[in-house]
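The structure that follows is given in the form of structure tokens.
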Amino acid sequence: VDWHPELMTGRPACDGPQLLRNFVGGEFIAGPRSFAKVSPVTGATLFEVTEAGESTVDAAVAAARAALRGPWGRMHERDRAAVLRRVADELERRFADLVVAEVADTGKPISQARTLDVPRGAANFRAFAEIAASMPTESFTTATAGGGRALNYALRKPVGVVAVIVPWNLPLLLLTWKVAPALACGNAVVVKPSEETPSSATLLAEVMAAAGVPEGVFNLVHGFGPDSAGEILTRHPGVDAITFTGESATGTAIMRAAADGVKAVSFELGGKNAGLVFADADLDAAVTGSVRSSFTNGGQVCLCTERIYVQQPVFAEFTERLAARAAELAYGWPADEATMNMPLISAAHRAKVLGHYDLARAEGATVLTGGGVPSFGDARDGGAYVQPTVLTGLATTARTNREEIFGPVCHVAPFDDEDEAYALANESEYGLAATVWTRDVGRAHRAGLRLDTGIVWVNTWFLRDLRTPFGGMKTSGIGREGGRHSLDFYSELTNVCLEL
Ligand code: NAD
């Protein structure tokens with residue numbers, strides 16, 4: 001594939017859309033069916049993508065199984081770690097192409113792709129190479145009835161063939177976050193990226209081949225969810241475990257499909273995250289941090305803040321400053337360095353988000369800024385842009401404050417005291433992340449205790465250490481990944497008990 005920078009302007013490179021193919025058993029393969037990948041910036045078709053059907057998914061699962069029976073399945077973790085580091089090296093060598101692929105598919109600002117999305121690809125492989133190679137073996141000595149001792153130790157083994165199903169919002173980051181630990185633990189993977197973002201996954205397949213990852217260890221199938229590659233993969237009897245990031249409703253569908261084969265699942269799902277701004281906070285930092293946490297990636301990050309609660313004494317000032325900053329966020333083409341706003345991923349997603357803007361008005365919200373669609377007078381008018389939007393005036397029980405919108409929008413409401421703040425934040429079916437702005441050290445720690453979320457950030461947002469547990473409570477997920485938690489999901493343990 002020619003990853004031409006022209007793709008970032010929402011136009012196909014060369015003479016027309018190129019074909020993106022599946023990657024099975026170390027080879028790129030086309031097939032009878034394909035679908036169009038459309039630019040969110042202009043609406044033009046950038047690529048044709050080969051859709052994997054039953055036979056391609058079968059072949060991918062068989063190739064993965066064969067790889068497990070080969071040298072990969074017997075390789076020492078130290079040697080697998082070396083392979084992962086070669087993948088990281090190759091990802092760094094293809095940095096410019098990866099930026100093009102990621103920006104072309106999503107329309108995200110090039111500055112973000114360069115500093116967040118693409119570097120995290122290589123970082124994921126380096127981190128899990130180290131974590132897996134340095135993980136100690138668990139061991140216990142047990143007193144026996146006869147007065148002697150027994151020694152127990154647990155051996156880590158691969159789970160087998162792991163299906164990796166990921167969304168479109170941070171395509172490379174979320175894909176490698178799962179592929180890296182799965183491979184570090186000795187599994188073989190069949191990856192199904194979102195139909196909206198096929199490019200960086202295709203490039204990752206090129207990287208795997210160039211880095212000398214054995215055939216069949218990494219397989220890629222393109223397609224949709226229901227009645228397509230996603231569902232075929234989750235129902236496949238040859239798949240041993242499913243790791244999924246996406247919507248909570250999709251998680252329910254996948255869990256049903258997984259039940260038949262009693263497949264292990266790890267789910268990172270939706271969120272309706274709260275931000276709490278206390279009156280003692282550094283208000284400049286709270287405003288800047290909230291602009292980031294609500295509008296980064298067009299608000300299309302599972303960790304984004306869609307509900308902000310502000311303590312009464314600073315409510316008016318905070319709200320006014322936040323709305324002013326949201327209105328100032330720069331539009332531009334994705335490849336312009338100063339661009340901050342980005343289109344939503346598709347016309348369909350834009351229709352959903354605009355429906356939420358209408359709903360908010362119907363529920364009686366005050367729109368402090370945004371609420372509509374920007375106009376450019378050029379090809380971007382064919383894209384999927386919406387305005388960054390700040391709302392106020394609704395109860396926490398309003399649908400606007402309950403349903404995940406997944407766009408550049410937040411609702412701001414006041415609170416009086418700390419107990420009320422935690423109660424409001426916890427009033428949600430979701431429990432992924434929360435952000436707290438305060439200078440009170442005791443309160444910062446209490447927030448961690450009182451908030452029903454998998455992640456609590458204090459005076460920061462989206463600061464990640466890859467060794468820490470990551471995941472959600474309630475409908476935001478099942479299980480934790482990160483550090484040894486990833487190793488626990490991507491490996492089976494055999495306990496050996498030996499009487500001495
Ligand atoms: P989605 O659930 O629509 O799709 C995710 C993936 O699942 C895609 O590859 C899709 O093709 C596939 N899929 C859909 N239906 C399927 C089915 N029945 N069987 C098998 N596969 C199926 O999600 P999306 O719209 O791509 O992404 C946005 C969502 O992802 C938001 O809800 C967001 O909060 C969530 N998300 C969560 C995290 C997290 O870490 N918790 C991170 C990023 C995004």
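The values are calculated or read from the model by the stated rules, or taken from the named source; none is laboratory data. Here the structure is a predicted model, which is why all the values come from computation and not from measurement. Every residue, glycine among them, receives a Cβ derived from its backbone with ideal geometry; neighbour counts consider all protein chains shown.
Filter region 260-286 down to the residues that are surrounded by 22 or more Cβ atoms within 10 Å (Cβ to Cβ) and not in a loop (DSSP other than H, G, I, E, B) and list them by number.
Matches in region 260-286: Ser266, Phe267, Glu268, Asn273, Ala274, Gly275, Leu276, Val277, Ala286.
Looking at region 358-381, which of its residues are out of contact with any helix residue (DSSP H, G or I) (no Cβ under 9 Å at 6 or more places or on another chain) and either crowded, with 16+ Cβ neighbours inside 10 Å or within 26 Å of Leu116 (Cα to Cα) (or both)?
Arg380
Would it be correct to say that Leu98 is crowded, with 24+ Cβ neighbours inside 10 Å, more than 14 Å from the ligand (Cβ to nearest atom) and aliphatic (A, V, I, L, M)? Steps first, answer last, please.
Numbers: crowded, with 24+ Cβ neighbours inside 10 Å: yes; more than 14 Å from the ligand (Cβ to nearest atom): yes; aliphatic (A, V, I, L, M): yes.
Criteria met by Leu98.
Please go through region 80-134 and pick out each residue that is among the polar types (S, T, N, Q) and either at pLDDT 95 or above or closer than 23 Å to Glu195 by Cβ (or both).
First pass over region 80-134, keeping only residues among the polar types (S, T, N, Q): 106, 111-112, 115, 124, 134.
Within region 80-134, Thr106, Ser111, Gln112, Thr115, Asn124 qualify.
Check region 308-320 and report whether any residue there is modelled with pLDDT of 95 or more and part of a loop (DSSP other than H, G, I, E, B). Before the answer, list the steps.
Our first condition is that a residue be modelled with pLDDT of 95 or more; within region 308-320, this holds for 308-320.
Add one more test, that the residue is part of a loop (DSSP other than H, G, I, E, B), and what stays is none.
Checked against the condition, which is being modelled with pLDDT of 95 or more and part of a loop (DSSP other than H, G, I, E, B), region 308-320 yields no hits at all.
In region 389-401, which residues are touching a strand residue (DSSP E or B) at 6+ places or on another chain (Cβ under 9 Å) and closer than 18 Å to Thr475 by Cα?
Thr396, Thr400, Asn401, listed by residue number.
Sticking with this one: Take the residues in region 247-284 that are more than 20 Å from Val57 (Cα to Cα), within 10 Å of the ligand (Cβ to nearest atom) and of a type in the set (A, V, I, L, M, F, W, C); name whichever of them is nearest to the chain's Cα centre (by Cα).
Restricting to residues being more than 20 Å from Val57 (Cα to Cα), within 10 Å of the ligand (Cβ to nearest atom) and of a type in the set (A, V, I, L, M, F, W, C), the top hit is Leu269.
In addition: List, please: which pairs have Cβ atoms under 6 Å, are six or more places apart or on different chains, and start with a residue in region 152-169 that is farther than 30 Å from Thr106 by Cβ and end with one that is more than 10 Å from the ligand (Cβ to nearest atom) and part of a loop (DSSP other than H, G, I, E, B)?
Pairs found: Tyr153/Thr137; Ala154/Glu138; Pro158/Cys185; Pro158/Gly186; Pro158/Asn187; Val159/Asn187; Val159/Asp240; Gly160/Asp240.
I'd like to check which strands (runs of 3 or more DSSP E) are fully inside region 429-500 and have at least 1 residues that are buried (at least 22 other Cβ atoms within 10 Å of the Cβ), at pLDDT 95 or above and over 22 Å from the mean Cα position of the chain (by Cα).
Working: elements: 433-437, 455-458, 491-499.
Of the strands (runs of 3 or more DSSP E) lying wholly inside region 429-500, those with at least 1 residues that are buried (at least 22 other Cβ atoms within 10 Å of the Cβ), at pLDDT 95 or above and over 22 Å from the mean Cα position of the chain (by Cα) span 433-437.
Between Val87, Val61, which is within 24 Å of Gly25 (Cβ to Cβ) and touching a His at 6+ places or on another chain (Cβ under 6 Å)? Write out each step before concluding.
Working: Val87 fails: touching a His at 6+ places or on another chain (Cβ under 6 Å).
Answer to the check: Val61.
Being of a type in the set (Lys, Arg) and away from the ligand (no atom under 16 Å from the Cβ) is true for just one of Arg292, Arg235. Which residue is that? Reasoning before the result, please.
Numbers: Arg235 fails: away from the ligand (no atom under 16 Å from the Cβ).
Going through Arg292, Arg235 in turn, just one is of a type in the set (Lys, Arg) and away from the ligand (no atom under 16 Å from the Cβ): Arg292.
If I go through region 36-49 residue by residue, how many of them are among the hydroxyl-bearing types (Ser, Thr, Tyr) and surrounded by fewer than 24 Cβ atoms within 10 Å (Cβ to Cβ)? Break it down into steps so the answer makes sense when it comes.
Step one: filter region 36-49 for residues among the hydroxyl-bearing types (Ser, Thr, Tyr), giving 39, 42, 45.
Next, from what is left, pick out any that are surrounded by fewer than 24 Cβ atoms within 10 Å (Cβ to Cβ): 42, 45.
Within region 36-49, residues that are among the hydroxyl-bearing types (Ser, Thr, Tyr) and surrounded by fewer than 24 Cβ atoms within 10 Å (Cβ to Cβ) number 2.
While we're looking at this one, here's another question. Going by what's in this entry, would Gly225 be described as within 10 Å of the ligand (Cβ to nearest atom) and on the phi < 0 side of the Ramachandran plot?
Numbers: within 10 Å of the ligand (Cβ to nearest atom): yes; on the phi < 0 side of the Ramachandran plot: yes.
When the stated conditions are applied, Gly225 passes them.
Given the residues Asn169, Asn187, which is the only one that is more than 19 Å from Arg74 (Cβ to Cβ) and not acidic (Asp, Glu)? Please lay out each step first, then the result.
Values: Asn187 fails: more than 19 Å from Arg74 (Cβ to Cβ).
Of the residues listed, the single one that is more than 19 Å from Arg74 (Cβ to Cβ) and not acidic (Asp, Glu) is Asn169.
Let me ask you something else. Considering region 218-232 alone, what residues qualify as being under 12 Å from Pro193 (Cβ atoms) and either free of Cβ contacts under 8 Å to residues at least 12 places away in the same chain or assigned to a helix (DSSP H, G or I) (or both)?
Hits for region 218-232 are Ala229, Gly230.
Look at Tyr309 and say whether it is under 24 Å from Arg450 (Cα atoms), away from the ligand (no atom under 16 Å from the Cβ), among the hydroxyl-bearing types (Ser, Thr, Tyr) and surrounded by 19 or more Cβ atoms within 10 Å (Cβ to Cβ). Even if it seems obvious, please write down each step before you answer.
Values: under 24 Å from Arg450 (Cα atoms): yes; away from the ligand (no atom under 16 Å from the Cβ): yes; among the hydroxyl-bearing types (Ser, Thr, Tyr): yes; surrounded by 19 or more Cβ atoms within 10 Å (Cβ to Cβ): yes.
Here the answer is yes, as Tyr309 does meet what is asked.
Identify the single condition in (1) outside any strand (DSSP E or B); (2) within 15 Å of Val191 (Cα to Cα); (3) near the ligand (Cβ under 9 Å from one of its atoms) that Phe244 does not satisfy, given that it satisfies every other one.
(1)
Let me ask something else about it. Within region 395-425, how many residues are surrounded by 15 or more Cβ atoms within 10 Å (Cβ to Cβ), in a helix (DSSP H, G or I) and hydrophobic (A, V, I, L, M, F, W, C)?
3
Please verify whether region 107-117 includes one or more residues that are without any contact (Cβ under 8 Å) to a residue 24 or more places away in the chain, farther than 20 Å from Val1 by Cα and surrounded by fewer than 24 Cβ atoms within 10 Å (Cβ to Cβ).
Taking region 107-117 first, the residues without any contact (Cβ under 8 Å) to a residue 24 or more places away in the chain are 113-115.
Cutting the leftovers down to farther than 20 Å from Val1 by Cα gives us 114-115.
Within this subset, residues satisfying the condition of being surrounded by fewer than 24 Cβ atoms within 10 Å (Cβ to Cβ) are 114-115.
Yes, some residue in region 107-117 is without any contact (Cβ under 8 Å) to a residue 24 or more places away in the chain, farther than 20 Å from Val1 by Cα and surrounded by fewer than 24 Cβ atoms within 10 Å (Cβ to Cβ).
Name the one entry in Arg33, Arg74, Arg69, Arg21 that is under 26 Å from Val239 (Cβ atoms) and at pLDDT below 95. Give the steps one after another, and end with the answer.
Values: Arg33 fails: at pLDDT below 95; Arg69 fails: at pLDDT below 95; Arg21 fails: at pLDDT below 95.
Sole residue among the options that is under 26 Å from Val239 (Cβ atoms) and at pLDDT below 95: Arg74.
Being away from the ligand (no atom under 15 Å from the Cβ), assigned to a helix (DSSP H, G or I) and small (Gly, Ala, Ser) is the filter here, so list the residues in region 192-217 that pass it. Please lay out each step first, then the result.
First, the residues of region 192-217 that are away from the ligand (no atom under 15 Å from the Cβ): 203, 205-217.
Filter once more, keeping what is assigned to a helix (DSSP H, G or I): 203, 205-210.
Ala205, Ala209, Ala210 - these are the residues of region 192-217 that are away from the ligand (no atom under 15 Å from the Cβ), assigned to a helix (DSSP H, G or I) and small (Gly, Ala, Ser).
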